[in-house]
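*Asks:* Sharing a structure, written as structure tokens. Questions coming.
The values are calculated or read from the model by the stated rules, or taken from the named source; none is laboratory data. What you see is a predicted model; the values in this text were computed from it and never measured. Cβ sites come from the backbone with ideal geometry, for glycine too, and all protein chains shown count toward neighbours. Note: areas computed on protein heavy atoms with side chains; ligands, DNA, RNA excluded. Shrake-Rupley method; radii C 1.70, N 1.55, O 1.52, S 1.80 Å.
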Amino acid sequence: MTMASYVIALGTISCLIVAACAGSFYDEMDITFGGERAKILNGGQDLSLSLDQYSGSGFQSKNEYLFGRFDMQLKLVPGNSAGTVTTFYLSSQGAGHDEIDFEFLGNSTGNPYTIHTNVFSQGKGDKEQQFHLWFDPTTAFHTYTILWNSQRIIFLIDNIPVRVFNNHEAAGIPFPKGQPMRVYASLWNADDWATQGGRVKTDWTHAPFTANYRKFNANADKAGSNSKSTTSVNDNQAWRTQGVDAAGRNRIRWVQNKHMIYNYCNDHARFTNGLPVECKRSRFL
């Protein structure tokens, strides 16, 4: 079996696992902007966000969490999605906020989406890694996961790890671990930067643009409570100490060698005074 077919098989298994423990959007989420552009469908099992020339749309979790595993299935805007940004992320609020981002930057028809990841701690980010995918994210649902514990953050796509951000507080690098975060998602226009650095603009003749979400699962600790999120059925607490094993490290290397298009840790032109400290340390500890 090739690595690519192995990855696809793993993704299929992952989707089945997540499907078994998904919560209702009515119970878990509040629509935050966009009015009727955001629709909860199918008895709470599905949610669609739309963008037109007047507004985008978005939602957030009713609960705040301090560590956990957060899964969401997305099917992105098809066709000419240039200028649009679809998101799934965690964030605290206020000055010095923490944030863990999946952003999906649209593109003109026939060109690939850019998957943009970033980590903010105490209000500072600048830790971007970007990828193209090994599948078309607009034709079917795929599972995007943020796993966040006190030791590390792992970004996964169809249960395949694509990035690890480790806790290196001992070296003076801030790590998001003291501020509870909500889950957020949105679809909005960012054609000043999102597609090819802003060179390709949103074509409003294709509006409304629509992205679809389903099967949200938070296996996580609610802030201010010792109880876990009731969204999870399997009650699997492996996320609390989960790292990346040898097989996972091989998968990360495959993704980063074949599909990574930007890594801040290689951007010497940007960091003229030297790369960030964490870039000199192991990616996988």
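*Asks:* With each run of n ≥ 4 DSSP H residues scored as -39500 (n - 2.57), what mean residue ellipticity at 222 nm is computed for the chain after dividing by its residue count and rounding to the nearest 500 deg cm²/dmol? Numbers along the way, then the final one.
*Replies:* Numbers: 3 runs with 35 residues, N = 285.
Dividing the helical sum by the residues of the chain leaves -4000 deg cm²/dmol.
*Asks:* Report the charge-dipole magnitude of the chain in Debye, nearest 20, computed about the Cα centre from +1 at each Lys and Arg Cβ and -1 at each Asp and Glu Cβ. It would help to have the intermediate numbers written out before the result.
*Replies:* Numbers: 26 positive and 25 negative charges, 156 e Å.
With only Lys, Arg, Asp and Glu charged at Cβ, the dipole is about 760 debye.
*Asks:* Which residue fluctuates the most in the chain, going by a Gaussian network model with Cα springs under 10 Å, if the choices are 259, 116, 206?
*Replies:* Fluctuation is largest for 206.
*Asks:* Over its Cα atoms, what ratio of radius of gyration to 2.2 N^0.38 Å does the stretch 135-285 give? Can you show the working numbers first?
*Replies:* Working: Rg = 18.3 Å, N = 151, 2.2 N^0.38 = 14.8 Å.
Dividing the Cα radius of gyration by 2.2 N^0.38 Å gives 1.24.
*Asks:* What ratio of Cα Rg to 2.2 N^0.38 Å holds for the stretch 18-99?
*Replies:* On the way: Rg = 14.0 Å, N = 82, 2.2 N^0.38 = 11.7 Å.
Normalised Cα radius of gyration, the stretch 18-99: 1.19.
*Asks:* Right, here's the next one. Could you please state, rounded to a whole Å, how far the C-alpha centre of the stretch 146-168 is from the C-alpha centre of the stretch 176-195?
*Replies:* Centre-to-centre distance over Cα atoms comes out at 17 Å.
*Asks:* Next question, about the same structure. Within the chain, count lysine pairs with alpha carbon atoms under 23 angstrom apart where the residues are 8 or more positions apart or belong to different chains.
*Replies:* Close lysine pairs under the 23 Å cut-off: 21.
*Asks:* How far, in nm, would the chain grow between residue 196 and residue 140 when pulled straight, counting 0.36 nm per residue and subtracting the alpha carbon separation? Numbers along the way, then the final one.
*Replies:* Working: separation 56, 0.36 × 56 = 20.16 nm, distance 2.45 nm.
My answer for the length gained is 17.7 nm.
*Asks:* State the extension gain, in nm to one decimal, for the chain segment bounded by residue 281 and residue 151, taking 0.36 nm per residue of separation less the distance between their alpha-carbons.
*Replies:* Full extension of this stretch gives 45.4 nm more.
*Asks:* Accessible area per residue of the stretch 78-231 at 1.4 Å probe, in Å²?
*Replies:* Working: 5420 Å² over 154 residues.
Accessible area per residue: 35 Å².
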